[in-house]
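J.: Below you'll find the structure I mean.
The values are calculated or read from the model by the stated rules, or taken from the named source; none is laboratory data. A quick note: this is a predicted structure, and the numbers were derived from the prediction, not measured. For neighbour counting, all protein chains shown are included, and Cβ atoms are generated from backbone atoms with ideal geometry for every residue, glycine included. What goes into the accessible areas is simple: the full protein's heavy atoms, side chains included, and nothing from ligands, DNA or RNA. Shrake-Rupley method; radii C 1.70, N 1.55, O 1.52, S 1.80 Å.
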Amino acid sequence: MMRTLLVRGLLAGLAAGVLAAVFAFFVGEPPVDAAIGIEEAGAHSHEHSHGDEETELVSRDVQSTLGLLIGVGAYAIAGGGLFSLAFAFSYGRLGSLRPRALSALLAVATFVVVVGVPFLKYPANPPAVGQSETIGDRTALYFGFVALSLVFAIGAAVLGRRIGGWNGGLAGAGAYVALVSVTAALMPSIDEVPDGFPGSTLWTFRIASLGTQLVLWVALGLVFGALAEKVLTNRESRLAR
């Protein structure tokens, strides 16, 4: 059964990745193009003053189409596999939730914990925002916060389950909010938006980035829930006989 759910998680991730890539192409690529235009304008100014030129290894057309599909698809398939494992572990341990309901609940929780909360502290930035020499530190801080958020969420779920009932849910949610709030306050902030960068471009890119993740996780939760419901219902029917 674990293998069956894993395969369906990968398939659901593939479907979700395609939908998210389509959303990212139509909604996310325009602000990326605008940001790249700003970046290239500054680069051209630098080239004129220093005589340097950089060769583009991959064309922008490939990056915004095939590259986008491969990148989002790979992320979604990997997420679908991990999602199916989390579902298999949670099924039957969180009350009497049916597969569709559990899948939807896990998708919402994953989006909030892995995407939404870290986004509030370290939102996504388009090209031309951020200094190249700090990219390593910025990446480490972001993924570090994602990891801590996930650990806190798991701990909060365990706490809530031990207490049980409505009070357990409130206690777990309160503990999670308190921990991530303190962590966010203690971790360093990053503000490298250059002066004069259009606020509308920055805002549109961040909304598109968040929207792409939302489409991916909503689609993954719904598609996987439907696939898992069919598999588990058939299994329960066979066992009942």
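J.: Distance in nm between label sites at residue 100 and residue 154, each 7 Å beyond Cα in the beta-carbon direction?
T.: Label-label distance for residue 100 and residue 154, simple model: 3.1 nm.
J.: Taking a ≥ b ≥ c as the square roots of the eigenvalues of the Cα gyration tensor of segment 99-144, is the shape rounded (a/c under 1.5), prolate (a/b larger than b/c) or oblate? Display every interim value, and only then the final one.
T.: Numbers: a/c = 4.04, a/b = 2.97, b/c = 1.36.
It is prolate, given that a/c is not under 1.5 and a/b is the larger ratio.
J.: Between residue 4 and residue 195, what is the FRET efficiency for a Förster distance of 45 Å, r being their Cβ-Cβ separation, to the nearest 0.05?
T.: Numbers: r = 55 Å, r/R0 = 1.22.
In this case the efficiency is close to 0.25.
J.: Evaluate 2.2 N^0.38 Å with N set to the residue count of the chain, then give the Cα radius of gyration divided by it.
T.: Values: Rg = 21.2 Å, N = 241, 2.2 N^0.38 = 17.7 Å.
Taking the Cα Rg and dividing by 2.2 N^0.38 Å, one obtains 1.20.
J.: Computed FRET efficiency, Cβ-Cβ of residue 177 and residue 58, R0 35 Å: what is it to the nearest 0.05?
T.: Details: r = 42 Å, r/R0 = 1.19.
The pair residue 177/residue 58 has a calculated efficiency of 0.25.
J.: Over the heavy atoms of residue 38, what accessible area does a 1.4 Å probe trace out, to the nearest 10 Å²?
T.: My reading of the accessible area for residue 38 is about 70 Å².
J.: In deg cm²/dmol and to the nearest 500, what is the mean residue ellipticity at 222 nm of the chain if only DSSP H runs of at least 4 residues count, each as -39500 (n - 2.57), divided by the residue total? Mind showing how you got there, number by number?
T.: Details: 8 runs with 177 residues, N = 241.
After summing the helix terms and dividing by residue count, I get -25500 deg cm²/dmol.
J.: Also: Taking a 1.4 Å probe, which of 200, 84 shows the most accessible area, and what order do the others take after it? Show your work: numbers first, answer last.
T.: Values: 200 80, 84 0 Å².
Ranked list, largest accessible area first: 200, 84.
J.: Mind grabbing the accessible area of residue 230 for me, 1.4 Å probe, Å², rounded to tens?
T.: 140 Å²
J.: What order do 4, 183 take when sorted by accessible area (1.4 Å probe), most exposed first?
T.: 4, 183
J.: Turning to a different aspect of this structure: Can you put 133, 192 in order of accessible area, largest first, using a 1.4 Å probe? Don't skip to the end; give the middle numbers.
T.: Working: 133 135, 192 45 Å².
Correct descending sequence by accessible area is 133, 192.
J.: If you don't mind, there's one more thing I want to ask. Does segment 118-241 come out rounded, prolate or oblate by the C-alpha gyration tensor, with a ≥ b ≥ c the root eigenvalues, rounded set by a/c under 1.5 and, if not, prolate when a/b is larger than b/c and oblate if not?
T.: Numbers: a/c = 3.05, a/b = 1.66, b/c = 1.84.
In terms of gyration-tensor shape, oblate.
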